[in-house]
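Peer 1: Following this message is one structure expressed as structure tokens.
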Amino acid sequence: MSEFQFYLAIVIFLLTYGGIMAEKVPRTICSLIGGGAMIYFGFLTETEAFKQFIDWNTLGLLAGMMILISVVKKSGFFRVVALWTMKKSKGSPRMLLVLLSVVTAVSASFLDAVTAALLIAPLTISLCRMLKLNPVPLLVAEIFMCNVGGSGMMVGDPPNVMIGSATHLNFLDFTENTGPLAVITVFMTLCCIIWLFRKELPHGNMPQEEVDKIDVMSAVEDRKLFNRSLTVLGLTILGFIGHAHFGLDTATIAMTGAVVAMLVCGINPDDAMKEIDLDTLFFFMGLFVLVGGLEKAGVINAIAKWGVNLAGGDHHLITFLILWISGLASAFIDNIPFTATMIPLIKDMQQLMGLAHADYMWWALSVGACYGGNGTSIGASPNVIMIAIAAKEGHYISYGQFMKWCFPMMILSLIIGSAYIEIRYFMLAGL
């Protein structure tokens with residue numbers, strides 16, 4: 001393509017990114033306009049957009065999990081978890097924070113971070129209202145756990161879904177590589193959060209007679225729906241673990257789980273389909289086409305060559321540049337469009353350096369994008385969702401206050417991630 005088209009593609013990309021960051025126009029509209037501009041200006045055709053650049057596996061995985069989780073939600077499972085947490089914590093604010101944080105991290109890993117945020121935030125505020133506690137410290141901890149916990153599995157955080165779908169990496173690869181780091185980081189950041197909010201988390205428990213009155217299973221209205229939906233969810237997770245062995249994509253597993261859940265639980269498809277977040281799916285579609293236009297214009301390849309030359313071809317240095325640039329950028333830019341841009345860039349870098357199987361670069365991107373999202377209130381979708389829910393309930397968390405609390409902890413998590421990658425993939429690589 002001509003030099004004019006090269007720079008035109010960059011301008012379209014920057015205008016789209018600017019629109020997403022400014023939040024004056026809905027981000028889905030911005031991404032669809034940007035993707036459409038790439039087609040209208042001839043950077044790629046409609047056929048190329050639909051067949052080559054839109055990642056249907058990512059979209060299918062997200063849609064399938066949205067339906068499946070909507071069925072599980074109807075069973076009362078998440079209310080059961082909330083009551084169990086209150087009973088186990090005995091109303092102790094610190095123990096409640098720890099238990100809810102662990103529940104959030106696990107939910108974000110096996111379900112997805114956005115779903116975990118939507119389900120846990122209202123439950124947390126309700127529990128805190130019952131115990132006359134300020135929910136803000138717990139919500140901040142849960143935001144961190146959504147992003148860190150979601151990084152531990154392929155289906156947890158959108159950046160991981162996109163990386164797994166675009167590469168040869170499968171569910172087990174993420175579990176074995178980013179999973180252990182997520183466990184370490186959850187523990188370290190939890191210690192920091194408890195210390196940070198030590199004054200807002202007083203000591204003390206509920207009276208034992210009040211604890212004994214809590215009936216965990218009282219939230220379940222239909223035991224058959226409860227048992228069947230959890231069985232399907234468990235089988236779906238097992239399907240993710242073995243999908244590579246059977247030669248199936250994760251979208252196939254998720255969609256199968258969604259259909260089976262509706263069938264065996266007797267859920268009306270019209271009701272289940274309402275839970276599909278079309279806004280998110282079309283946002284992804286626009287981004288895929290936008291980045292496809294950049295790739296066809298040669299912009300991605302040019303940036304890759306510049307990055308390789310800047311690092312002198314040192315794959316060790318490039319790995320840590322990916323991690324820290326991803327982390328710092330994702331704090332201020334939504335980590336989903338950033339990841340969409342980085343995936344073809346890393347592929348080109350690996351091709352230029354002859355490192356087709358340098359998977360540590362993908363782990364660096366995953367850690368940077370997921371952990372970096374904790375830096376500011378707009379860094380990742382769970383942040384935006386939980387802060388909005390808190391505001392509706394009268395608990396306002398400002399941009400500056402959130403950044404004051406969370407940016408230093410985000411830096412700490414990136415340092416932990418850097419140490420993990422250095423030790424596991426470089427220092428112990430030859431052992």
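The values are calculated or read from the model by the stated rules, or taken from the named source; none is laboratory data. From a predicted model like this one, the values you see are computed outputs, not experimental measurements. Don't worry about glycine lacking a Cβ; one is built from the backbone with ideal geometry, like all the others, and counts go over all protein chains shown. Note: accessible area is taken over every heavy atom of the protein model, side chains too, but ligands, DNA and RNA are not part of it. Shrake-Rupley method; radii C 1.70, N 1.55, O 1.52, S 1.80 Å.
Peer 1: With the checklist (1) farther than 30 Å from Arg129 by Cβ; (2) open to solvent by less than 10 Å² (accessible area, probe 1.4 Å); (3) over 20 Å from the mean Cα position of the chain (by Cα) in hand, flag the one item Gln52 doesn't pass.
Peer 2: The failed condition is (2).
Peer 1: For the range 252-280, name all the residues that are within 24 Å of the chain's Cα centre (by Cα) and at pLDDT 85 or above.
Peer 2: Of everything in the range 252-280, those that are within 24 Å of the chain's Cα centre (by Cα) and at pLDDT 85 or above turn out to be Thr252, Ile253, Ala254, Met255, Thr256, Gly257, Ala258, Val259, Ala261.
Peer 1: I would also like to ask the following. For the range 331-341, give me each residue that is modelled with pLDDT under 80 and open to solvent by less than 10 Å² (accessible area, probe 1.4 Å).
Peer 2: If the condition is that a residue be modelled with pLDDT under 80 and open to solvent by less than 10 Å² (accessible area, probe 1.4 Å), then Asn335, Ile336, Pro337 are the ones that fit.
Peer 1: Kindly provide the set of residues from the range 304-330 that are closer than 24 Å to Gly35 by Cα and either open to solvent by 20 Å² or more (accessible area, probe 1.4 Å) or modelled with pLDDT under 85 (or both), ordered by number.
Peer 2: Once the filter is applied, which keeps residues that are closer than 24 Å to Gly35 by Cα and either open to solvent by 20 Å² or more (accessible area, probe 1.4 Å) or modelled with pLDDT under 85 (or both), the range 304-330 yields Ala304, Ala329, Ser330.
Peer 1: With the condition kept exactly as written, say whether any residue in the range 267-275 is closer than 19 Å to Lys51 by Cα, outside any loop (DSSP other than H, G, I, E, B) and in contact (Cβ under 8 Å) with a residue 60 or more places away in the chain.
Peer 2: Within the range 267-275, none of the residues are closer than 19 Å to Lys51 by Cα, outside any loop (DSSP other than H, G, I, E, B) and in contact (Cβ under 8 Å) with a residue 60 or more places away in the chain.
Peer 1: Here's something else I'd like to know. In the range 371-412, which residues are in contact with a Gly (Cβ under 8 Å, 6 or more places away or on another chain), at pLDDT 85 or above, of a type outside the set (A, V, I, L, M, F, W, C) and assigned to a helix (DSSP H, G or I)?
Peer 2: Tyr371, Gly372
Peer 1: I need a count of the residues in the range 217-235 that are open to solvent by less than 30 Å² (accessible area, probe 1.4 Å) and among the hydrophobic types (A, V, I, L, M, F, W, C).
Peer 2: Qualifying residue count for the region: 6.
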